[in-house]
Amino acid sequence: MRNIVILTGAGISAESGLQTFRAADGLWEGHRVEDVATPEAFARDPELVHDFYDARRARLGEVMPNAAHVALARLDAEWAGQLLIVTQNVDDLHERAGAKRLLHMHGELLRGWCVACDARFGWAGAMGEGATCLHCHSPGKVRPDIVWFGEMPYEMDRIDAALMNADLFVSIGTSGAVYPAAGFVQTATYRGARTLEINLEPSQGSIFFDERRYGPASEEVPKWVEEVLVAKEPLKPPPI
Ligand SMILES: [Zn+2]
């Protein structure tokens, strides 16, 4: 086993105290998804949408990575084979734990996107309706660099390529309800990878996984990472 692809979702951030969208009731921090997480909502009421994401961005300063984020960062640092952490989360907890081989398929709270010049850039603090682009200096054209419902997730080509080469695919804290991420397990299986689900409870796609472990990510992920690092194959051939 050399190449690992890990998908993380809301369940891993929830243990740090971040609420995310719950498919079960269609609400995110009390808001309907249609009101805050679609391009149509932003066109209709940009102030409401900015307020919502400004609040989510501010909340990042009140939370910390948990043991699951730390364990994945350790795996990233110590695993000599290929590894890619694909997160559906828009927070920065993987980065703050130290993960490097990381891809945010649904965008990031700490980035802005100028719809006038198409530039993307880091953004701390409130954005609001009057935000000025750091590149073309247009006012009022910067939106959160978040993939909203109805928009295409980022870097699908790179994710597909990683899944094609994966020996192991691990899904952590995801509902298995939101496509295209919900289909990654089938892509990985089709290409011959082993698959593992770690979640608080069986996800909607749990039957597609070879192995399933249920419990808090902050307990199950460190245990799994320890097993992987202890069992790892020799990274280089022994000297002759
Ligand atoms: Zn611009």
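Every read-out reported here was derived from the displayed coordinates using simple, explicitly stated rules and does not represent laboratory data. Since we're looking at a predicted model, the values are computed, not measured. FYI the Cβ positions are ideal-geometry reconstructions off the backbone, even for glycines, and counts take in every protein chain you see.
Per-structure values
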| quantity | calculated |
| --- | --- |
| Residue in segment 155-169 that is in contact (Cβ under 8 Å) with a residue 60 or more places away in the chain and of a type in the set (S, T, N, Q) present | yes |
| Identity of the residue in segment 111-142, away from the ligand (no atom under 11 Å from the Cβ) and in a strand (DSSP E or B), that ends up surrounded by the most Cβ atoms within 10 Å (Cβ to Cβ) | 111 |
| Options 63, 70, 49, 86: the member that is more than 16 Å from the ligand (Cβ to nearest atom), under 26 Å from residue 164 (Cβ atoms) and in contact with a helix residue (DSSP H, G or I) (Cβ under 8 Å, 6 or more places away or on another chain) | 86 |
| In segment 46-92, residue surrounded by the most Cβ atoms within 10 Å (Cβ to Cβ) [restricted to those that are of a type in the set (Gly, Ala, Ser) and closer than 30 Å to residue 3 by Cβ] | 68 |
| Residue satisfying all of: in segment 33-70; touching a residue at least 24 places away in the same chain (Cβ under 8 Å) and not in a helix (DSSP H, G or I); nearest to residue 101 (Cα to Cα) among these | 65 |
| Where a residue in segment 136-153 is in contact (Cβ under 8 Å) with a residue 40 or more places away in the chain and under 15 Å from residue 126 (Cβ atoms) and its partner, wherever it lies, is in a loop (DSSP other than H, G, I, E, B) and within 16 Å of the ligand (Cβ to nearest atom), with Cβ under 9 Å and at least six apart | 143/115; 143/127; 143/131; 144/123; 144/127 |
| Some residue of segment 182-205 being hydrophobic (A, V, I, L, M, F, W, C), within 16 Å of the ligand (Cβ to nearest atom) and out of contact with any helix residue (DSSP H, G or I) (no Cβ under 8 Å at 6 or more places or on another chain) | no |
| Which listed residue is within 16 Å of the ligand (Cβ to nearest atom) and either touching a helix residue (DSSP H, G or I) at 6+ places or on another chain (Cβ under 6 Å) or not in a loop (DSSP other than H, G, I, E, B) (or both), from 145, 157 | 145 |
| Within segment 71-94, tally of residues that are in a helix (DSSP H, G or I) and not small (Gly, Ala, Ser) | 7 |
